[in-house]
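Student: The structure's right below; bear with me while I get my questions together.
Every number here is computed from the coordinates shown, using simple stated rules; none is lab data. All figures in this text were calculated on a predicted structure; none of them were measured in a lab. Note: ideal-geometry Cβ built from the backbone for every residue, glycine included; neighbour counts use all protein chains shown.
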Amino acid sequence: MSDIEMWEYKQKLTTPEKVAEMVKSGDRLFYGEFVLFPEALDAALAKRIPELYNLDLRSVCFTRMPQIVAADPKREHVIMNDYHFSALSRKLHDNNLCNYVSIVYHQGPRFIKKYVDYDVVFLTTSPMDPRGYFNYGLANSVTSAAIAKGKKIVIEVNEHVPYCLGGNQESVHISRVDYIVEGKNSLLPQVPPAPPTDTDRKIAEHIMKEIEDGTCLQLGIGGLPNVIGQMIADSDLKDIGIHTEMLVDSCVDLYNKGRVTGARKSIDRFKMTYTFAMGTNKLYEFLHHNPTCASYPVNYVNDPRIVALNEKVIAVNNAIEVDLFGQVCSETAGTRQISGTGGQLDFIFGAFMSHGGKGLICLSSTFEDKEGNLHSRIRPTLTPGSVVTVPRSITHYVATEFGIAQLKGTSTWERAEALIGISHPDFREQLVKEAQEMKIWRKSNKIA
């Protein structure tokens with residue numbers, strides 16, 4: 001790095017405690033995204049919590065418990081808000097310690113730039129490179145927008161953050177940074193792939209029939225995407241492309257098996273395009289200085305118009321329940337917040353517009369409650385209080401272990417028939433009765 005940048009680094013280098021002293025009551029704070037948690041800065045600020053009030057704390061998917069929240073169990077000092085719920089946020093929400101900020105993911109940078117100001121932005125990054133840039137590493141989705149709206153930008157350096165090449169806006173130059181803290185250099189949290197269930201495998205078998213050479217994949221986290229990745233890796237499919245909001249371990253396996261080349265993509269050819277990554281060290285090491293991968297802000301990756309530029313987009317997304325009208329709930333159980341909208345709506349919309357594309361909502365046909373009672377995930381109407389993640393007019397395909405239903409262009413009775421046809425057999429007769437009561441069933445309809 002140049003002498004000027006080295007001098008500037010030394011001038012801006014400070015301690016977490018001095019940064020914490022700058023925070024005042026009523027400030028809105030941004031804590032970065034996903035596994036990139038500002039550990040040292042959070043610990044220093046937690047010591048001041050008794051003297052601060054009305055701090056508005058925000059992040060995209062908290063993966064570590066903020067000490068400033070732990071220090072305020074009665075929520076008298078900190079208001080915690082999450083743009084996409086994690087298991088941690090869900091638990092805190094159940095105890096009235098966290099709120100969800102509703103967003104359509106690709107609009108995140110735009111609504112921040114239009115409506116949200118941050119007094120202090122805390123970012124965990126890789127060490128400064130020879131040209132004076134701090135790389136965002138594993139999360140690029142709304143970080144640049146937060147920097148643009150931040151009054152003070154504070155970098156917490158962690159040498160374990162991989163240097164992830166972009167696309168664009170994957171780094172910030174030291175000239176735009178106010179303070180630098182050399183953090184604890186803790187290892188990044190790892191999120192191992194969930195083991196697939198037998199139901200996941202049955203659903204994956206149906207989805208595999210929709211995947212062909214040159215398919216452009218969007219896969220998320222969980223047992224189902226993981227088993228789909230395994231099946232593709234073990235297949236003879238060629239020239240698979242990746243354009244996904246979340247890059248996961250299974251994408252590494254697909255690349256190493258030679259299934260992913262990106263050669264048939266229309267944009268970002270030969271690149272695995274993503275906006276954030278979360279997984280194990282296998283993924284983090286794969287990403288470090290790897291020109292195969294391209295990190296972009298979410299308003300590029302998830303924009304349905306951008307998604308649709310690639311052909312044969314197959315988007316695989318999970319859901320909690322689907323009703324007979326085709327409405328999809330993927331983020332709440334009644335009024336209980338489980339997850340966020342994330343990019344599900346973005347990719348279902350974009351995949352439909354892609355030539356040969358298919359947006360798939362996937363769910364097991366049933367679930368068991370705490371008492372061991374079996375319930376259908378395909379319901380006559382959504383559970384009262386449930387939030388619609390994908391409107392019925394946008395829903396494309398719905399898949400369970402019993403098959404796939406295509407809903408575009410269908411009438412209410414046709415989609416009810418298709419959805420009952422992929423519901424669990426034990427619930428079909430009752431669903432037919434309820435469809436009849438709702439006047440969305442023809443008398444001549446027959447379900448096997």
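Student: Over the alpha-carbon set of the stretch 3-182, divide Rg by the Kirkwood Rh and report the Rg/Rh ratio to two decimals.
Tutor: The Rg/Rh ratio comes out at 0.95.
Student: So what J values fall out for the stretch 332-340 if you push phi through Karplus, 6.51 cos²θ - 1.76 cosθ + 1.60 with θ = phi - 60°, rounded to Hz, Gly and Pro as x?
Tutor: 9, 10, x, 8, 7, 6, 10, 8, x
Student: Under 5 Å between amide H atoms, partner at least 5 residues away or on a different chain: which partners does Arg379 have, H built in plane at 1.01 Å?
Tutor: Residues meeting the amide H criterion: Val322, Asp323, Leu324.
Student: Picking from Ile103, Met6, Leu88, whose Cα lies most toward the positive end of the charge dipole for the stretch 1-137 (charges on Cβ: Lys, Arg +1; Asp, Glu -1)?
Tutor: Ile103
Student: With both bridge residues required to lie in the stretch 3-182, what share of the DSSP beta bridges run antiparallel, to the nearest 5%?
Tutor: Here the antiparallel bridges make up roughly 10 percent for the stretch 3-182.
Student: Okay, next question. Rank the residues Trp413, Trp7 as a footprinting-exposure proxy: fewest other Cβ atoms within 10 Å of their Cβ go first.
Tutor: Trp7, Trp413
Student: Based on a Kirkwood Rh over C-alpha pairs, give the Stokes-Einstein translational diffusion coefficient of the chain at 37 °C and viscosity 0.692 mPa s in µm²/s.
Tutor: 143
Student: Would you kindly state how much longer the chain becomes between Asp117 and Glu21 on full extension, computed as 0.36 nm times their sequence separation minus their alpha carbon distance, in nm to one decimal? Show your work: numbers first, answer last.
Tutor: Values: separation 96, 0.36 × 96 = 34.56 nm, distance 1.99 nm.
Full-extension gain reported as 32.6 nm.
Student: Ranking request for peptides 355-361, 55-61, 120-126: highest mean number of other beta-carbon atoms within 10 Å first, then the rest in descending order.
Tutor: Peptide ranking by packing, descending: 120-126, 55-61, 355-361.
Student: So for each of 237-248, 364-375 I average, over its residues, the number of other beta carbons within 10 Å; can you give me the resulting order with the highest mean first?
Tutor: Ranked by mean Cβ neighbours within 10 Å, highest first: 237-248, 364-375.
Student: To continue, here is another question. Between Lys257 and Asp369, with labels modelled 7 Å along Cα→Cβ, what's the label distance in nm to one decimal, could you check?
Tutor: 4.0
Student: Restricting to the chain, what percent of DSSP beta bridges are antiparallel, rounded to 5?
Tutor: The answer is about 25 percent antiparallel.
Student: Work out the length of the dipole vector of the chain about its Cα centre, built from +1 on the beta-carbon of each Lys and Arg and -1 on the beta-carbon of each Asp and Glu, and round it to the nearest 20 debye.
Tutor: The dipole magnitude comes to about 980 debye.
Student: Which residue, chosen from Ala233, Ala399, Thr215, occupies the Cα position most advanced towards the positive end of the dipole of the stretch 198-437, where the dipole is computed from +1 (Lys, Arg) and -1 (Asp, Glu) charges on Cβ about the Cα centre?
Tutor: Of the candidates, Thr215 comes out farthest on the positive side.
Student: Within the set Lys265/Lys408; Lys209/Lys312; Lys113/Lys152, which residue pairs have Cα atoms separated by over 18 Å?
Tutor: Lys265/Lys408
Student: So, with +1 on the Cβ of K and R and -1 on the Cβ of D and E, and no other charges, what is the size of the charge dipole of the stretch 1-150 about its Cα centre, to the nearest 20 debye? Before the final figure, lay out each step's value.
Tutor: Details: 18 positive and 18 negative charges, 72 e Å.
In total the dipole reaches around 340 debye.
Student: So for the pair Glu429, Arg176, with labels modelled 7 Å out along Cα→Cβ, what separation do we get in nm?
Tutor: About 6.4 nm, to one decimal.
Student: Which value, in debye to the nearest 20, gives the size of the charge dipole of the stretch 330-448 about its Cα centre, when Lys and Arg are +1 and Asp and Glu are -1 at the Cβ?
Tutor: 420
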